[in-house]
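Enquirer: If you scroll down you'll find the structure; I have some questions about it.
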Amino acid sequence: MLKPLVLLCTLCVVVYVSAQDNLILFIGDGMGYNHIEMSRLVEMGDTEGVLSFEDLEYSTTIGTNALSLLFTDSAAAATCISSGQKVARGRLNVSRLFHKHYETLLEYLTDTEEGRDYLTGVIAKTTLYHATPAGFMAHSTSRGHSEEIAACIIADQPDLLMGGGGTHLSSLLDSAAQYATDRSHLRDLTSDLPVVGLFAEDDMKKVVHRDPDSDETEPTLTEMVVAAVGVLEAASAEQARPYVLVVEASFPDKGSHSNDADIAITEVIELHEAVREVLSLIDLSETLLVVTADHECGALEFDTDLARDTLADASLTSLETLAGTDYDAVTLQRTERIALLDDAYSWGSTHHTYRPVMLAASGPGADGINDLDGRLLHHKGTSLLLHRVADPGYQASKNFGYIGG
Ligand SMILES: [Zn+2]
């Protein structure tokens, strides 16, 4: 967002200074390029259509290794995206030596002494103290320390939280200005903060496990994201403060660990739907939208030509027009298509891999991807792009960390 700053001088010159823009970051956990390729074919059929996040203005390819060239995990990857620092697998914004605490993206964007006063929101379909969301809200030597991580979240609570994890976070419902425990509550939310939405004690349901024969109380990822953007846009306008929203599509990874394409692909498509809806709600002149993955999982192989031929022979075209009309019927059609593509894909692993992932963005500062492009890329570059939403001159080396307990 560019704001005019009128300087009083003899010539009355109007200059433009860069203000702090909003930031919405989507992370598809475990989502490699072949996950995207397969999801596009399932969703778009034998057409030239692309997924919403494939259509963003700028994109590049990102390496994901953790410290010491290890293939990464969600904790180390989220730490790098959030703080710009490489750590060993399993650690959340804490260095191996001396247990230095690295400043998270949310801490950086809420450093009022430095003139940054963002409203903050975090959404995940897994528990909010799970590795990826925790990478933006907590410091811990182990992603397994759920209670310690939950205590970090409670102590430094974002303005908006939605997801699973009632087991350790239910106390937040008592102190929230507004809370939601059922998808119907999302319709009534106003701009009063903090907002807490907890829809499951543990993980929320995966797309394919939603029950078509009963009224689901859990919202979809898209429903959470649309509600959150509505709250944050309204609060941002009222308080004249920018906002940051971090959203994890949590389960492409879990589906890939178990080599279950029904789960992995429908969860990537759910991310596509959430991004598509957000694009219809926000103003890209004042909000930077970034979509990436923390790492690939499953070493998914996919034969695009065979898949196209198979879908063409079956006369299956785009599902896009059906999306949002009958959620369960569309989900069923997606899993039927995945079954149809059985010969076109295979899994090479049940673990994370070194494969590069996508980084794509639209909005103010998105062209910073051009500066990253062609370099030895890593999520350190992603972090740089994110921090520059508040300060175009941000240098990664500023984040030296501090000695933590
Ligand atoms: Zn994983």
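The values are calculated or read from the model by the stated rules, or taken from the named source; none is laboratory data. Just so you know, these numbers come straight off a predicted model, no measurement behind them. Positions of Cβ are backbone-derived with ideal geometry, glycine not excepted, and every protein chain shown enters the neighbour counts.
Enquirer: Determine which member of the set Leu372, Leu359, Leu377 is among the aliphatic types (A, V, I, L, M), closer than 30 Å to Ala307 by Cβ and at pLDDT below 80.
Expert: Leu377
Enquirer: Then there is this: What is the number of the single condition among (1) within 16 Å of the ligand (Cβ to nearest atom); (2) modelled with pLDDT under 95 that Ser68 does not meet?
Expert: If we test Ser68 against (1) within 16 Å of the ligand (Cβ to nearest atom); (2) modelled with pLDDT under 95, just (1) comes out false.
Enquirer: Give me the residue from region 71-86 that is within 16 Å of the ligand (Cβ to nearest atom) and part of a loop (DSSP other than H, G, I, E, B) and, out of that set, farthest from Ala293 (Cα to Cα).
Expert: Phe71
Enquirer: Sort out which residues of region 273-290 are crowded, with 19+ Cβ neighbours inside 10 Å, under 18 Å from Gly49 (Cα atoms) and hydrophobic (A, V, I, L, M, F, W, C), and write them in order of number.
Expert: Result: Ala274, Val275.
Enquirer: Follow-up. Output the residues belonging to region 250-261 that are farther than 24 Å from Gly165 by Cα and either away from the ligand (no atom under 16 Å from the Cβ) or buried (at least 23 other Cβ atoms within 10 Å of the Cβ) (or both).
Expert: Of everything in region 250-261, just one residue is farther than 24 Å from Gly165 by Cα and either away from the ligand (no atom under 16 Å from the Cβ) or buried (at least 23 other Cβ atoms within 10 Å of the Cβ) (or both), namely Ala261.
Enquirer: For the list (1) surrounded by fewer than 24 Cβ atoms within 10 Å (Cβ to Cβ); (2) touching a strand residue (DSSP E or B) at 6+ places or on another chain (Cβ under 6 Å); (3) of a type in the set (A, V, I, L, M, F, W, C); (4) under 25 Å from Leu67 (Cα atoms), I need the number of the one condition that Phe136 fails.
Expert: Only one criterion is unmet by Phe136, namely (1).
Enquirer: Something else: Given the structure, is Leu161 assigned to a strand (DSSP E or B) and out of contact with any strand residue (DSSP E or B) (no Cβ under 6 Å at 6 or more places or on another chain)?
Expert: So Leu161 fails the test.
Enquirer: Something else about it: Considering only region 120-158, state which residues are assigned to a helix (DSSP H, G or I) and β-branched (Val, Ile, Thr).
Expert: Matches in region 120-158: Thr132, Ile149, Ile153, Ile154.
Enquirer: Sort out which residues of region 385-405 are outside any loop (DSSP other than H, G, I, E, B) and modelled with pLDDT of 90 or more, and write them in order of number.
Expert: Correct list: Leu385, Leu386, His387.
Enquirer: Any residue in region 89-117 that is free of Cβ contacts under 8 Å to residues at least 40 places away in the same chain sitting within a Cβ distance under 7 Å of a residue that is of a type in the set (D, E, K, R)? List the pairs, counting only those 6 or more apart or interchain.
Expert: Going by the 7 Å Cβ cut-off, the qualifying pairs are Arg89/Asp73; Thr110/Arg116; Thr110/Asp117.
Enquirer: For Glu48, only one of the following conditions fails: (1) away from the ligand (no atom under 16 Å from the Cβ); (2) buried (at least 21 other Cβ atoms within 10 Å of the Cβ); (3) not in a helix (DSSP H, G or I). What is its number?
Expert: (2)
Enquirer: Further, regarding this structure: Can you list residue pairs whose Cβ atoms sit under 8 Å apart, with the first residue in region 282-306 being more than 20 Å from Phe136 (Cβ to Cβ) and away from the ligand (no atom under 16 Å from the Cβ) and the second being small (Gly, Ala, Ser) and in a strand (DSSP E or B)? Count only pairs 6 or more apart in sequence or on different chains.
Expert: Filtered contacts from region 282-306: Leu284/Ser362; Glu301/Ser346.
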